[in-house]
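For reference, the structure discussed in these notes is given below.
The values are calculated or read from the model by the stated rules, or taken from the named source; none is laboratory data. This structure is a prediction, so every number in the text was calculated from the model and none was measured. Every residue, glycine among them, receives a Cβ derived from its backbone with ideal geometry; neighbour counts consider all protein chains shown. To get the accessible areas, we keep the full protein, side chains included, count just its heavy atoms, and leave off ligands, DNA and RNA. Shrake-Rupley method; radii C 1.70, N 1.55, O 1.52, S 1.80 Å.
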Amino acid sequence: VLYFSAEGGGSQAKLLATGITESLIDQLSTVKALTVVSRNGSELFRYHRPSLDSIGRALQVGTIVDGRVAVADDQVRVTVSMIDAKDGAQFDSKDFQSKLADIFALQDSLSQQVADFLRQKVGQEIGQIDLRSTTHSVKAWELLQKASLAQEQADRALGRHDVSTASEELVLADSTLAQAEAADPTWVAPVVRRGWLAEQQCR
């Protein structure tokens with residue numbers, strides 16, 4: 001699953017594109033019939049896209065899932081494509097449209113549709129995906145995505161050996177995760193992320 005691109009909607013579209021991509025990776029990874037490349041593998045091609053057949057060879061996969069997210073007013077439209085990694089040929093594509101307030105329902109629908117595509121492709125039964133069992137708070141989810149973007153900026157700053165900026169971004173990520181934790185105290189993801197951030201900040 002390649003990171004989806006964002007069109008329109010500014011930072012909100014970017015947050016949604018990241019969140020939907022990582023949700024797909026997590027949910028498809030629960031399907032025993034599939035071998036799904038981790039987020040780290042997809043991250044390699046997030047900002048630099050060689051040809052799709054080159055990506056397929058590098059990741060040693062047979063199918064690539066790619067897409068884009070467009071936001072306009074309170075509407076979000078997601079286009080997802082299934083691509084044969086051997087020759088880059090698209091064999092199916094779907095559009096999904098929903099209100100921003102229904103983002104969880106959109107993610108669930110999108111994940112199940114992709115599973116349906118893959119069921120036809122691999123020729124074997126792929127059962128119902130165990131869909132999102134993390135948070136039901138849209139605010140908490142959005143805050144977690146914002147924290148991820150800040151951590152991403154920190155990683156890029158470290159790549160430039162800019163420790164000061166990286167530290168500032170990690171502090172921003174931690175405070176954003178604290179807000180996510182407050183928005184949904186039962187959700188463990190922000191707590192775990194804060195632990196990893198603390199370790200990274202120490203280093």
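With the contact rule set at Cα under 8 Å and sequence spacing of 6 or more, what percent relative contact order holds for the chain?
Relative contact order here is 17 percent.
In Å and from the alpha-carbon atoms only, list the Rg and Dmax of segment 1-42.
11.6, 37
Within the set of other residues whose C-beta is less than 12 Å from the C-beta of E142, count the net charge using Lys and Arg as +1 and Asp and Glu as -1.
+2
Using a Förster distance of 45 Å, how high is the FRET efficiency between D116 and A198, based on the Cβ-Cβ distance and rounded to 0.05?
0.65
Calculated from the structure, Rg/Rh (Cα atoms, Kirkwood Rh) equals which of (i) 0.97; (ii) 0.94; (iii) 1.29?
Identified label for the calculated read-out: (i).
Quote the charge dipole size of the chain about the Cα centre in Debye, to the nearest 20; the model charges only the Cβ of Lys and Arg (+1) and of Asp and Glu (-1).
In debye, rounded to 20, the chain gives about 300.
Calculate one ³J(HN,Hα) per residue across segment 96-103 by plugging θ = phi - 60° into the Karplus curve 6.51 cos²θ - 1.76 cosθ + 1.60, and present them in order as whole Hz with x for glycine and proline.
Whole-Hz 3J(HN,Hα) from phi for segment 96-103: 10, 10, 7, 7, 4, 5, 9, 4.
With a 1.4 Å probe and all protein chains kept in place, how do W196, W141 rank by accessible area, largest first?
W196, W141
Can you compute the helix-only [θ] at 222 nm over the chain? Use -39500 (n - 2.57) per DSSP H run of at least 4 residues, normalise by all residues, nearest 500 deg cm²/dmol.
-17500 deg cm²/dmol
Hey, got the dipole for segment 152-203? About the Cα centre, +1 on K and R Cβ, -1 on D and E Cβ, debye to the nearest 20?
In debye, rounded to 20, segment 152-203 gives about 120.
Rg/Rh for segment 1-88 to two decimals, with Rh computed the Kirkwood way over all alpha-carbon pairs.
0.98
Pull up all non-local amide H partners of S137: gap of 5 or more, or a different chain, and H-to-H distance under 5 Å with H placed in the peptide plane.
Under 5 Å from the amide H of S137 lies no amide H from a residue far enough along the sequence or on another chain.
Taking a probe of 1.4 angstrom, what is the accessible area of T35 in Å², to the nearest 10?
140 Å²
How far is it, in nm, from the label point at K139 to the one at S175 when both lie 7 Å from their Cα along the line to the Cβ?
1.8 nm
Along the Cα→Cβ direction, 7 angstrom out, place labels at A105 and S54. What is the inter-label distance in nm?
4.2 nm
Enumerate the residues in segment 81-111 having an amide nitrogen under 11 Å from the point lying 7 Å beyond the Cα of A72 toward its Cβ.
Output list for this probe position: empty.
How do 154-165, 20-31 rank on mean C-beta neighbours within 10 Å, highest first?
20-31, 154-165
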